[in-house]
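Where a number appears in this text, it was derived from the coordinates with a stated rule and is not lab data. Please read all numbers here as calculations on a predicted model, not as lab measurements. Quick reminder, even Gly has a Cβ in these numbers, built from the backbone with ideal geometry, and neighbours come from all protein chains shown.
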Amino acid sequence: MEIIKKITGLTKKYQRPVVALGMFDGVHLGHASVIRHAIDKAREIDGTAIVFTFSNHPLTVIAPNDAPLMIGNKNLRRDIFADMGVEVLIEIPFTKEFSKKSPEEFLELLQDKISPAYVVTGPNYTFGRFGRGNGRLLLREGENYGFKAEVCQSFTVDRKIVSSTRIRALIAAGDLISANQLLGRNFTYSGEVVNGDRRGRKIGFPTANLEISDRRAMLPNGAYIVRVKVRGDFYNGIANIGDNPTFKVARRRLEVFIDDFNENIYGEEIFISFVSKLRDEKIFASVDDLKTQLNEDLRIMRNAI
């Protein structure tokens, strides 16, 4: 998948572009339905499947205090797009200057810089200053800008619309089963491995430690069965979210023990996918009690995956 961070001179580069528009935070089932529709349309007309999105959420510029917690990050989203079959990702920063574009100016940008044959969106997609552009405008005016517009229907599960807002609420409430169902995959948190206190190594459970960003959605404290992607390979593991009350660490972080893995990965990005919850976070009376529980967690994980 080609990644483009500056939208210039693309009109002659791609044949019959089919462009999916959206923020696609989390790339849930609803987002996936829009992107797959664009991919299918591109194959139908022997065109190029393109996703046009932003590297930051527009609300971080327009109304920072209202910006939602992000379900994933850029690298996770890129991996999902590539796996789906997106050929080109246009991922540009959303700026104050961009926020001032009228809906018509945005359509002119699409025409002048990409020249799409089709534009595909979800039913709630808005664009242009104050979000005045919407699917109805695309359907009405698209051909005046050289493309046909297709607006996908809402995607529902159990008769309820799938949305990033709904998934964030499920994650915050600890309903991992429902969140994973709506995502169409396991909820995944990715980040750089940082130095920890190395206590786990001393008791036979070395962990990779990740800081938990206050701008990212995260599950409640507790122990979880996880799958971990490291350098493109997958491993099973157990993870703990919390402030490690047994050792009074007093800062919330994500620690993951990667089964059958013993390499130095400090400074590298890893992807932790949450499969199921093991238990709530506990305070242990002794290090031996903690080791006993971790061995039990490991046994359960190995039997479950």
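Antiparallel versus total DSSP beta bridges in the stretch 2-160: what percent is that, nearest 5? The answer is about 10 percent antiparallel.
Among the listed pairs K12/K41; K41/K96; K6/K101; K6/K229, which have their C-alpha atoms separated by more than 23 angstrom in this model?
Result: K41/K96; K6/K229 exceed 23 Å.
Taking each DSSP H run with n ≥ 4 as -39500 (n - 2.57) and averaging over every residue of the chain yields -8500 deg cm²/dmol at 222 nm.
Simple rule: put +1 on each Lys or Arg Cβ and -1 on each Asp or Glu Cβ in the chain, find the dipole, and look at I300, I225, L170; the Cα lying farthest toward the positive end is L170. Taking amide hydrogens as placed 1.01 Å from N in the peptide plane, the amide H of A20 sits under 5 Å from those of I50, V51, F52, V120, each at least 5 positions away in sequence or on another chain.
What is the sum of charges, Lys and Arg at +1 and Asp and Glu at -1, for the other residues whose Cβ falls under 14 Å from the Cβ of V157? Present the calculation step by step, with values, prior to reporting the outcome.
On the way: positive: R159, K160, R166, R185; negative: D158, D175.
Taking every Cβ under 14 Å from that of V157, the sum is +2.
Using a Gaussian network model of the chain with C-alpha springs under 10 Å, which one of T121, T156, T207 is most mobile by mean-square fluctuation? Highest fluctuation among the options: T156.
Enclosing the Cα atoms of the stretch 101-154 in their convex hull gives a volume equal to 60 cubic angstrom per residue. The mean of 1/r over all pairs of different alpha-carbon atoms in the stretch 188-304, once inverted, gives a Kirkwood hydrodynamic radius of 14.2 Å.
Counting alpha carbon pairs within less than 8 Å and at least 6 residues apart, what relative contact order, in whole percent, applies to the chain? Mind showing how you got there, number by number?
On the way: 573 pairs, mean separation 49.9, N = 305.
RCO, the chain: 16 percent.
Coupling constants for the stretch 58-68 follow from the phi torsions by the Karplus curve (6.51 cos²θ - 1.76 cosθ + 1.60, θ = phi - 60°), and in residue order they are x, 5, 5, 9, 6, 8, x, 5, 9, 5, x Hz; glycine and proline get x. Our coupling estimate for the stretch 189-194, obtained by passing each phi through the Karplus curve with A = 6.51, B = -1.76, C = 1.60 and θ = phi - 60°, is 10, 10, x, 7, 6, 10 Hz, Gly and Pro reported as x. For the stretch 207-220, the Karplus equation 6.51 cos²θ - 1.76 cosθ + 1.60, evaluated at θ = phi - 60°, returns couplings of 10, 8, 10, 10, 6, 9, 5, 7, 10, 10, 5, 8, 5, x Hz by residue, with Gly and Pro reported as x. In terms of surrounding Cβ atoms within a 10 Å radius of their Cβ, E255, E97 rank from fewest to most as E97, E255. Here K282 is the anchor, and the aspartates and glutamates within straight C-alpha reach of less than 18 Å, apart from those fewer than 8 places off in the same chain, are D243, E255, E296, D297.
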